[in-house]
Amino acid sequence: MRDFFIFNGMRKITLNFSLLASVLLVSACGNSQSVQTAAPVQTSLNTNIQQGDVEELLNYLSSDELKGRQTGTEGIEMAAQKIEGIFEQSGVQEYFDSYRHNFKIDGVEGFNIVGMLEGNDPQLKDQFIILGAHYDHIGVQKAIEGDSIANGANDNAAGTVAVVELAKKLAEIDDNKRSIMFVLFSAEEMGLQGAKKIAKRLKEDDLDLYTLFNFEMIGVPMKDKDYLGYLTGYENSNFAEKFNEYSGKKVLGFLPQAQEYNLFKRSDNYPFFEQFNVPAQTISTFDFTNYNYYHHVADEAEKLNVGHMKNVIESVIPGILKMANTPEKEIKLN
Ligand SMILES: [Zn+2]
């Protein structure tokens, strides 16, 4: 309150007037409720994500019913319909004629799921940010202890849930100057095929892509880190630095193993970097020591930390919104 009075003369007058009015009201009718009407309006961003929604979608996508979401199967069709239903309910728009971008790979029919929120600035809306995650997995594998379904909870139902929840939340907040596209990639496990197809298509459409932010394996927290998730290709751009500045905290960091194993080239961000030559990077919290079920039939929902997932999703919202709203493109390749 002290800063308020010292630095804002105009509001001091308004507030004093309100206080005076309240005092008069209180003394007139003895109703202390009137004092509360003079309180300033709260304008802080509501980033609250429902943990129950995170859990429900994670459980569905990684249930045995979906049989590991292999591209071209009934299981991935069910995952797609679930995501499309949520997009529709939340007011997420179609980018193509439907939420699907169809392609064929080695005789297999695949489709990415694509939604968007058009920007509200007449100029900046032609620039796009893509939030992505692959929603396919490796399907049915050789049985281990009677279990043959690779449920792909961490890889990558977790990232899929993040992008779907972000779509819902950003639609609700409805305050993006640039357009935001949400892409759930298929055929990642067949060699980033879905991402390659749509990156090529969007390049042909001459899309003005600002950045791509991809979510992979965010289901378990890392230990002893001063940041929440690492960014692949950390050293290629100022993405992490600007994002942390926008967020007011260290959301993104550098993991040496990510560089060592060249993870930058091992997920769906990479085809976008190749096509567009813009910052296109992946956040992950899988650090090679905190999860033993990579591409294993035991990669199941019960092994994940839903509170951590909620935290990751909530923590990236301010950075994404700021990225969507700065007058200039501040995130650049080095
Ligand atoms: Zn995988």
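Please treat every number below as a calculation from the coordinates, not as lab data. In this text, all values refer to a predicted model and were calculated from it rather than measured experimentally. Heads up, the Cβs are rebuilt from the backbone with ideal geometry, glycines too, and the neighbour counts pull from every protein chain shown.
Details
- The phi-based Karplus calculation (6.51 cos²θ - 1.76 cosθ + 1.60; θ = phi - 60°) puts the 3J(HN,Hα) values of segment 245-258 at 4, 4, 7, x, 7, 7, 7, 10, x, 10, 10, x, 5, 5 Hz, whole numbers, x for Gly and Pro.
- Other residues whose C-beta falls under 11 angstrom from the C-beta of residue 149 contribute a net charge of -3, scoring Lys and Arg +1 and Asp and Glu -1.
- Dipole magnitude of the chain about its Cα centre (Cβ charges: Lys, Arg +1; Asp, Glu -1), debye to nearest 20: 1200
- Of all stretches in the chain that contain no GluC sites (Glu not before Pro) in a DSSP loop with at most 11 other Cβ atoms within 10 Å, the longest one is 146-327.
- Nonlocal amide H pairs with residue 212, under 5 Å, H built at 1.01 Å: 130, 280, 281
- Expressed to the nearest 5 percent, the antiparallel share of DSSP beta bridges inside segment 202-334 is 35 percent.
- Given charges at Cβ of Lys, Arg, Asp, Glu: segment 47-323 dipole, positive-most of 83, 187, 240: 240
- The string of couplings for segment 202-208 from the Karplus curve (6.51, -1.76, 1.60, θ = phi - 60°) is 5, 5, 4, 6, 6, 4, 8 Hz, one whole number per residue in order, with x for Gly and Pro.
- With 30 Å as the limit on Cα-Cα distance, the pairs of 82/303; 196/223; 197/250; 203/223; 250/332 that go past it are 196/223; 197/250; 203/223.
- Of the residues 228, 198, 282, the one whose Cα sits farthest towards the positive end of the charge dipole of the chain is 228 (charges of +1 on Lys and Arg Cβ, -1 on Asp and Glu Cβ, taken about the Cα centre).
- Charge tally in the Cβ shell below 10 Å around residue 266, where Lys, Arg are +1 and Asp, Glu are -1, residue 266 excluded: -2
- Amide H to amide H, with H built 1.01 Å from N, residue 237 comes under 5 Å of 334, counting only residues 5 or more places away or on other chains.
- When the chain is treated as a Gaussian network with alpha carbon springs shorter than 10 Å, the biggest mean-square fluctuation among 207, 124, 61 belongs to 207.
- Only Cα pairs under 8 Å and 6+ residues apart enter the sum, and on that basis the relative contact order of the chain stands at 20 percent.
- Per-residue ³J(HN,Hα) for segment 290-296, Karplus 6.51 cos²θ - 1.76 cosθ + 1.60, θ = phi - 60°, Hz, x for Gly and Pro: 9, 7, 9, 10, 4, 6, 10
- Environment charge at residue 97 (Cβ cut-off 14 Å; Lys +1, Arg +1, Asp -1, Glu -1): -1
- When restricted to Cα atoms, the chain yields an Rg and a Dmax of 22.7, 80 Å, respectively.
- A cut-off of 5 Å between modelled amide H atoms, ignoring neighbours fewer than 5 places along the same chain, links residue 127 with 179.
- Between helix 9-29 and the chain: long-axis angle, C-alpha atoms, 0 to 90°, nearest 10: 70
- Charged-residue dipole, Cβ positions (Lys, Arg, Asp, Glu), segment 89-148 about Cα centre, Debye nearest 20: 60
- Listed by chain and number, the lysines placed with their C-alpha closer than 18 angstrom to that of residue 329 are 125, 177, 242; residues fewer than eight positions away on the same chain are left out.
- The antiparallel fraction among DSSP beta bridges confined to segment 47-323 stands at about 45%.
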